[in-house]
2 protein chains.
Amino acid sequence: MSEKLEVAQEKLLNLVQIMPTEMIELSESWRRVLAETIISTMDFPPFDRSPLDGYAIIAKDAEGTVPGEPVILRQVDYVPAGDVPHHTITSGTACRIMTGAPLPPGATGVVRLEDTIADGDKIIVLNGHGAEKNICFQGEEISAGEEVISAGTAINAGVIGMLAVLGKAQVCVFRKPLVAIIATGSEIVPVDCQLTPGKIRNSNSYMLSAQVADAGAKTILMGNVLDNVDEIALMLENASTCDVVITTGGASVGDHDLIGEVYEKLGITLLFDRVSIKPGMSMLAGIKNGKLYLGLSGNPAAAAISFEQLVRPILMKMCGHKTWWRPRVRAVLASPFNKSTGAKRFVWSQCWQKDNGIVAEPLRLQSNGMLKSAMIANSLIVIPENSPPLPSGSEVEVILLVNA
Amino acid sequence: MSEKLEVAQEKLLNLVQIMPTEMIELSESWRRVLAETIISTMDFPPFDRSPLDGYAIIAKDAEGTVPGEPVILRQVDYVPAGDVPHHTITSGTACRIMTGAPLPPGATGVVRLEDTIADGDKIIVLNGHGAEKNICFQGEEISAGEEVISAGTAINAGVIGMLAVLGKAQVCVFRKPLVAIIATGSEIVPVDCQLTPGKIRNSNSYMLSAQVADAGAKTILMGNVLDNVDEIALMLENASTCDVVITTGGASVGDHDLIGEVYEKLGITLLFDRVSIKPGMSMLAGIKNGKLYLGLSGNPAAAAISFEQLVRPILMKMCGHKTWWRPRVRAVLASPFNKSTGAKRFVWSQCWQKDNGIVAEPLRLQSNGMLKSAMIANSLIVIPENSPPLPSGSEVEVILLVNA
């Protein structure tokens, strides 16, 4: 069952559910996904307030100042920030007011402290122009009853600030999916081992755990296991309390490509066992009891691309995000891509702005087994299926490896 | 002492040091900054290996296959992944080989399993073209003695994978700077408080702690304090074990703008007390015993911009990053920006690609006290000093709010 990429993506996305919710402290909520829609119960600012230090006045009293002809007012009150006014302002009077303090009743403007001179309770206003603009009006940012932040919003610095304004000391977010990662392959040894002939270290598990974290989920590193159906099956059963179970290796067609066999043994229903993309063609997906099992390639660069295209979107959905996809732009190739392409291909690239357009440079090392390009790529060029070699200057679609 | 932005940035950057280093587990290293340069002690791949399941052969033996005229070889060995070959391949012989297994001596190519039929030890090669391409050569990604990753590299998924390849189970990274955040202002109450007249909640501390995390540093939330020199001074002294001390509020020119007074009381040398940008003009910086004290505006949007322009770069330097700046692009305004500008101005915006160019839309709410635009902006438009109002279509510089 080989699938086209878009069909495989849709199949998986349709099978996963958004995670249940949990309450967490606001201070822990950065990069989480809000699970409640926040409706304000009151106006913000909660009162007309001064945006600066100065004197609250009747704006008309001072609008006629010209150099050498100040207006003189009488101070009748003083409102530090956090306090409340005690007097109504009438024509000819002024109230000393601090940044953030509530405007006294009657006041229709604020003159800046720098534009005044105080002499006892006599306030000499040197420049009263535009005093009426120096008010932050009650409700000018948020009205009572307004929907301010919707469920599914990724919590960035601005959102955290707004949640604090609204008094959300605890917030309801979607739980992070827990992803088990298992490296299969008799050639694989743990990262802290010396290499003996024929062995390589488990790099996929660490790479994927960073990709999982970038998608907002959590990893359990289950380590590595030999090419043995029973041992792999036991690992998968141990991992079955997690929300998603990822293996690497054993995903293609040889004698030792055992993941399909393991799925069969465990009664995991195979969804597909090949996806028509390069790299990343070797990939299986299965489901049992509503839980997804994903078998990625043992080749690191291929596993990374399969993750980007097929695992990241489902984790983004499970995390509760509104957008599951990386941003894409149109770019032109800064140098040729000399391979013709059967299946849709993803090419590690660096892209940047040039002459106001965007150019993308295919990186030199694109082998499935290599990580050098993955370290420095900021993007992936998408080469459509059945493309001829593409000369420099060809227009291409590029996936930006940033969060949307 | 009002400073131009670039002068203030340089002043601060010159005063901070890169953090000391620490050893951490590889699995904890995502988004950290590598503090050691990694030189490989050996070749990778460590041996010539097969990228696929098939038969290692003398490539010349099978290059002449045509449909209906297969080549017949004799299997003399079998190398599963993780094992080592025991026979040399000579003309007419083949060795069954798994993905990732070492190539036997003598072999000069690998034919794919799908292109063969096995009959006992007789291997019928149906298609032997290009067998010589199916080898990953020892050292083709990394040579012994090669500098693979340099100190100052931000650890992404590809870098973690590469560190694992190289056996770095623990890695040396720069310590995260610890940033104390103190909200000053008698109008401020903690986020879990009901609002009484004249009060607003402490939103700056939470917003800034997310900005600190985004820059790769850690926060200690010290809470809020009244407009009182002694109380603020005590808080600052309590915070002095942190690497950077940030206050919000009390940063402008009124009676209750106390941070300058506090610095004087504590013997903190004032570096500047105003920066010519909007928003964010009200900002102080001081230094004592090599530690920076930064006094940001109490207005959230102004504090956020000051942080972006003046605090984030120093945290990025302290974290050990090579690049301290956000990426910038040229864009055209999607709609007019109708204010004339004295000091350099930063405008919350959304930008996207249009007709292969980039357009930027100034967001509607730009008031210093508001967070709505900070929640949804993906960029900041930079309006140069002494600009007239800018019509739609004007070319502008835009800072992308993503990590470089």
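Within the stretch B:97-109, the set of residues being open to solvent by 30 Å² or more (accessible area, probe 1.4 Å) and on the phi > 0 side of the Ramachandran plot comprises just one member, B:Gly106.
Only one of the numbered conditions (1) open to solvent by 20 Å² or more (accessible area, probe 1.4 Å); (2) part of a loop (DSSP other than H, G, I, E, B) is not met by B:Val191, and that is (1). Restricting attention to the stretch B:115-141 and to residues that are among the charged types (D, E, K, R) and part of a loop (DSSP other than H, G, I, E, B), the residue that is surrounded by the fewest Cβ atoms within 10 Å (Cβ to Cβ) turns out to be B:Asp121.
Going by the conditions given, is B:Ala144 at pLDDT below 95, under 48 Å from the mean Cα position of the chain (by Cα) and either within 11 Å of chain A (Cβ to nearest Cβ) or assigned to a loop (DSSP other than H, G, I, E, B) (or both)? Criteria not met by B:Ala144.
Applying the selection to the stretch A:16-31, what residues are of a type outside the set (Ser, Thr, Tyr) and open to solvent by 60 Å² or more (accessible area, probe 1.4 Å)?
Within the stretch A:16-31, A:Gln17, A:Ile18, A:Pro20, A:Glu22, A:Met23, A:Glu25, A:Glu28, A:Trp30, A:Arg31 qualify.
Scanning the stretch A:1-15 for residues being among the acidic types (Asp, Glu) and either surrounded by 15 or more Cβ atoms within 10 Å (Cβ to Cβ) or in a loop (DSSP other than H, G, I, E, B) (or both) gives a total of 1.
Across the stretch B:212-236, the qualifying residues are those that are assigned to a helix (DSSP H, G or I) and open to solvent by less than 20 Å² (accessible area, probe 1.4 Å), and the one among them that is nearest to the other protein chains (Cβ to nearest Cβ) is B:Val212.
Among B:Ser340, B:Ser306, B:Ser349, which is more than 24 Å from A:Asp355 (Cβ to Cβ) and either open to solvent by less than 20 Å² (accessible area, probe 1.4 Å) or in the same structural domain as B:Asp214 (by TED's automatic domain parsing) (or both)? Among B:Ser340, B:Ser306, B:Ser349, only B:Ser306 is more than 24 Å from A:Asp355 (Cβ to Cβ) and either open to solvent by less than 20 Å² (accessible area, probe 1.4 Å) or in the same structural domain as B:Asp214 (by TED's automatic domain parsing) (or both).
Just give me the residues in the stretch B:78-96 being open to solvent by 80 Å² or more (accessible area, probe 1.4 Å) and part of a loop (DSSP other than H, G, I, E, B), in sequence order. Residues satisfying the conditions are B:His86, B:His87, B:Thr88, B:Ser91. Pairs linking a residue in the stretch B:65-77 that is open to solvent by 60 Å² or more (accessible area, probe 1.4 Å) to a residue that is of a type in the set (Asp, Glu), with Cβ atoms under 8 Å and 6 or more positions apart or on different chains, are B:Arg74/B:Asp121.
For residues that are in a loop (DSSP other than H, G, I, E, B) and open to solvent by 50 Å² or more (accessible area, probe 1.4 Å), tally how many sit in the stretch A:47-64.
The qualifying residues number 3.
Residue count for the stretch A:318-337, restricted to those that are open to solvent by less than 40 Å² (accessible area, probe 1.4 Å) and polar (S, T, N, Q): 1.
Does A:Leu315 count as open to solvent by less than 40 Å² (accessible area, probe 1.4 Å), at pLDDT below 95 and within 30 Å of A:Arg32 (Cα to Cα)? No. Evaluation of B:Arg112 against the conditions (1) touching a residue at least 40 places away in the same chain (Cβ under 8 Å); (2) open to solvent by less than 40 Å² (accessible area, probe 1.4 Å); (3) within 13 Å of chain A (Cβ to nearest Cβ) shows that the sole unmet condition is (2). Checking A:Ala151, A:Ala131 one by one, the residue that is touching a Cys at 6+ places or on another chain (Cβ under 9 Å), more than 11 Å from chain B (Cβ to nearest Cβ) and farther than 30 Å from A:Pro300 by Cα is A:Ala151 and no other.
For the stretch B:352-370, the candidate set comprises residues that are hydrophobic (A, V, I, L, M, F, W, C) and either in the same structural domain as B:Tyr293 (by TED's automatic domain parsing) or open to solvent by less than 50 Å² (accessible area, probe 1.4 Å) (or both); within that set, the residue that is farthest from A:Met162 (Cα to Cα) is B:Ile358.
Taking the stretch A:74-97 as the search range and keeping residues that are touching a Leu at 6+ places or on another chain (Cβ under 9 Å) and within 13 Å of chain B (Cβ to nearest Cβ), which one is modelled with the lowest pLDDT? Among those that are touching a Leu at 6+ places or on another chain (Cβ under 9 Å) and within 13 Å of chain B (Cβ to nearest Cβ), it is A:Gly82.
The single condition from (1) open to solvent by 40 Å² or more (accessible area, probe 1.4 Å); (2) in the same structural domain as B:Val33 (by TED's automatic domain parsing) that B:Leu163 fails is (1). Give the residue, chosen from B:Ile246, B:Ile287, that is under 25 Å from B:Ala343 (Cβ atoms), part of a strand (DSSP E or B) and within 14 Å of chain A (Cβ to nearest Cβ). Answer to the check: B:Ile246. When the stretch A:31-73 is examined, which residues are found to be among the charged types (D, E, K, R) and within 14 Å of chain B (Cβ to nearest Cβ)? Residues satisfying the conditions are A:Arg31, A:Arg32, A:Asp43, A:Asp48, A:Arg49, A:Asp53. A count restricted to the stretch B:157-191 and to residues that are over 21 Å from A:Val84 (Cα atoms) and at the interface with another protein chain (Cβ under 7 Å from one of its Cβ atoms) stands at 10. Could you please find all residues in the stretch A:371-404 being open to solvent by less than 60 Å² (accessible area, probe 1.4 Å), more than 9 Å from every other protein chain (Cβ to nearest Cβ) and among the hydroxyl-bearing types (Ser, Thr, Tyr)? Across the stretch A:371-404, the qualifying residues are A:Ser379, A:Ser387, A:Ser394. Every test in (1) under 23 Å from the mean Cα position of the chain (by Cα); (2) within 23 Å of B:Leu400 (Cβ to Cβ) is passed by A:Leu315 save one, and that test is (2).
Here the stretch B:32-46 is the region considered, the condition is being open to solvent by 30 Å² or more (accessible area, probe 1.4 Å) and among the hydrophobic types (A, V, I, L, M, F, W, C), and the residue that is farthest from A:Ala251 (Cα to Cα) is B:Ile39.
Kindly indicate whether B:Tyr293 is within 9 Å of another protein chain (Cβ to nearest Cβ) and under 28 Å from the mean Cα position of the chain (by Cα). Taking the combined requirement at face value, the residue does not satisfy it.
The values are calculated or read from the model by the stated rules, or taken from the named source; none is laboratory data. All values reported here derive from a predicted model rather than from experimental measurement. We place every Cβ from the backbone using ideal geometry, glycine too, and count neighbours over all the protein chains shown. Just the protein is used for accessible areas: all its heavy atoms, side chains included, with ligands, DNA and RNA removed. Shrake-Rupley method; radii C 1.70, N 1.55, O 1.52, S 1.80 Å.
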